[in-house]
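For reference, the structure is listed below as structure tokens.
Just so you know, all these numbers are worked out from the coordinates, no wet-lab data involved. These numbers come from a predicted model, not from an experiment. In this analysis, Cβ positions are derived from the backbone assuming ideal geometry, glycine residues included, and neighbour counts consider all displayed protein chains.
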Amino acid sequence: MIYHPDARVVWDWNGTLRNDLDDHVAALNATLPLLGGTPVSADTYRAKHRVPIRSFYDDLLSRKITDEEWQSNDALFLEVLNRRPVRLRCESRQMIMHLRARGVGQSLLSLAPHDRLMHEVRKVGISRLMDRIDGRRGPAVTSKAPALAAHLAALGPGVDPARVVVIGDSVDDAVAARAIGAIPVLHTGGLHGAERLATAGAPLVATLQAALTIGLAAASFPDGAA
């Protein structure tokens, strides 16, 4: 397939390039009993997970946690998460290298803290394959849309949002993409379940390869004529 020269991909990290559903469930389940809750299954996690994470805990516990509880909980969650190995989804590296070889621009945007994100991305050796990597540099937020707009602006004035494919695993990835006129594609193997993702109205796929195929076709041939 011949891609439009202005087509580019913005990858999500957790649940998308990083294969970490089990890691997040393990970290969550290490903290819930200390707050009076009970461990949850991966299915429950995928059905209820949302940002900001503090509200996710409120939902699971059926009460609002205190500031002190949140601070100690967040520290323990990150401690458990940081002990888990960083694993890329099996097809990720090959796809990233293929896109780079074909001259397709790609970058990474996450709501994870920026310093932690950079540490993890460097650890798996893909940081130099991205045009730009942005994590969250401030307090927790409820939407990725402002971060995505800032991310594309930082890539330069030549970036056309209509040629940008946003590949993620959450409804918010789709909402953020549409907010700036980009093309969302969601894969069903991440932190959110397929039933929930279907509410976003974006293409749903089982693999990142399928996400690339659909997204880049839309970015290269918006009228559907390849």
Practice prompt. Just grab the label-to-label distance for Thr142 and Thr66, each label 7 Å out from Cα along the Cβ direction, in nm (one decimal).
Written response: 2.5 nm
Item to complete: Give me the lysines in straight-line cross-link reach of Lys144: C-alpha distance below 22 Å, same-chain residues under 8 apart excluded.
Response: Lys48
Worksheet item: Calculated FRET efficiency, Val51 and Phe221, Cβ-Cβ r, R0 30 Å, to nearest 0.05?
Response: 0.35
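Going highest first, how would you order 121-133, 178-190 by mean Cβ packing within 10 Å? Spell out each step's value before the answer.
Numbers: 121-133: 15.5, 178-190: 21.5.
Those peptides, ordered most packed to least, come out 178-190, 121-133.
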Discussion item. Could you work out the pair-distance distribution P(r) of the chain from its alpha-carbon pairs, with 10 angstrom bin width and percents rounded to whole numbers?
Written reply: 8, 34, 37, 16, 5, 1
Response to the item:
Computed over the chain: longest principal axis from alpha-carbon atoms vs helix 114-123 long axis, angle to nearest 10 degrees, is 70 degrees
Worksheet item: When we measure straight from the Cα of Lys123, which aspartates and glutamates land under 14 angstrom away, once same-chain ones fewer than 8 places off are left out?
Response: Asp115
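For Asp160 and Arg122, calculate 0.36 nm times their separation in residues minus their Cα-Cα distance, and state this gained length in nm to one decimal. Show your work: numbers first, answer last.
Working: separation 38, 0.36 × 38 = 13.68 nm, distance 2.79 nm.
So the chain would gain 10.9 nm between Asp160 and Arg122.
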Discussion item. For a Förster distance of 41 Å, can you work out the FRET efficiency between the beta-carbons of Ala153 and Leu34, rounded to the nearest 0.05?
Written reply: 0.50
Worksheet item: Taking the Cβ-Cβ separation of Arg83 and His114 as r and a Förster radius of 22 Å, what is the calculated FRET efficiency to the nearest 0.05?
Response: 0.60
Worksheet, complete the sentence: What the Cα atoms of the stretch 21-82 span along the principal axes, largest first and in whole Å, is 27, 25, 20
Practice prompt. Report, in degrees rounded to the nearest 10, the 0 to 90 angle that the Cα long axis of helix 145-155 makes with the longest principal axis of the chain.
Written response: 40 degrees
Worksheet item: Karplus couplings for the stretch 84-99 from phi (6.51 cos²θ - 1.76 cosθ + 1.60, θ = phi - 60°), rounded to Hz, Gly and Pro as x?
Response: 8, x, 7, 10, 6, 4, 3, 8, 4, 4, 4, 5, 4, 5, 5, 4
Worksheet item: Taking +1 at the Cβ of each Lys and Arg and -1 at the Cβ of each Asp and Glu, which of Leu88, Val104, Phe56 sits farthest along the dipole of the stretch 52-150 towards its positive end, judged by Cα position relative to the Cα centre?
Response: Val104
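Report the gain in length on full extension from Arg100 to Arg132: 0.36 nm times residue separation, minus Cα-Cα distance, nm rounded to one decimal.
Working: separation 32, 0.36 × 32 = 11.52 nm, distance 1.30 nm.
Gain on stretching Arg100 to Arg132: 10.2 nm.
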Worksheet entry | Pair Asp22, Ala75: separation of 7 Å Cα→Cβ label points (nm) | 2.9 nm
